[in-house]
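Just so you know, all these numbers are worked out from the coordinates, no wet-lab data involved. These figures come from a predicted structure and were not determined experimentally.
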Amino acid sequence: MKAWIIAVVAVVALGGGGYGGYTMGYSGGEEAGYDGGYSAGQEIGYSQGQDEAYEKGNTEGYAEGYDEGYDEGKDEGYTEGHDKGYLSGKQEGYTEGHDEGYSSGTVDGYQDGVEAGLGHGYTIKDPTYAEVIAFLERDTTDSNQYILDVYECEHFVRDICDNAEAEGFRCAYVGLRYPAQGHAIVAFNTVDRGLVYFEPQFDYRVELVIGKNFYRCIIPEEGVVFTAPAADDTIMDIVVIW
């Protein structure tokens, strides 16, 4: 009986020691396996997650970056392009517009400017004697018909003075006083022959002399002879008005 009890105790002791070893081994194995599996799983999961996240982030980031970059680039590019194009276009347009406008507008602009500055629209000068002769040959005032009380000497003078000024030549109204009446002719202060007088009804040169009959002062064309008028045309006074 005593021997059996000792044997049971030995068996129990041996069995208890095996169970404790099993428990310790299981626990240690479980922990080691967990740690190993966790580490391996974490590494694999991290790698896969990183790859997937990178791919997704790269795709979405590219799309967002492209959109934002496109918008910013478009705005900046448009601004720079617009400014450059505007300046180039403005310069080219200015050059072409300036050339064309200057070419076509010089005469009108100059005329308008003179008129605005001087009031009558003419820039006149004293002509040469040759310029006077050439002007009188072109001018047709002498072909107008003399009509008493309608178109007389003053009208001839007015028209030839206006026509001369239109061509840029200074022309004077010359009033002559006779004993009972008077007459009107024109004058040019030429730069090479001084003051010269002309009868605008015939374009003849006149050399005025106070006390001399006007018809004797006219220098007509060869073969033309003036006779004394019915009224006394002795020149008593000469008034030159510019």
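General remarks:
- For Asn144, no residue whose modelled amide H falls within less than 5 Å of its own remains once neighbours fewer than 5 places apart on the same chain are excluded.
- Less than 5 angstrom separates the built amide H of Thr190 from those of Leu195, Val196, all sequence-distant by 5 or more or on a different chain.
- Estimated at 0.36 nm per residue, the fully extended path between Glu55 and Arg216 surpasses their Cα-Cα distance by 46.1 nm.
- One chain, two ends: Lys74 and Asp237. Fully extended at 0.36 nm per residue, the span grows by 50.0 nm beyond their Cα-Cα distance.
- Full extension of the chain between Val225 and Asp139 gives 28.6 nm of extra length, using 0.36 nm per residue less the Cα-Cα distance.
- Around the amide H of Thr234, modelled in the peptide plane, lie the amide H atoms of Phe214, all under 5 Å away and 5 or more residues distant in sequence or on another chain.
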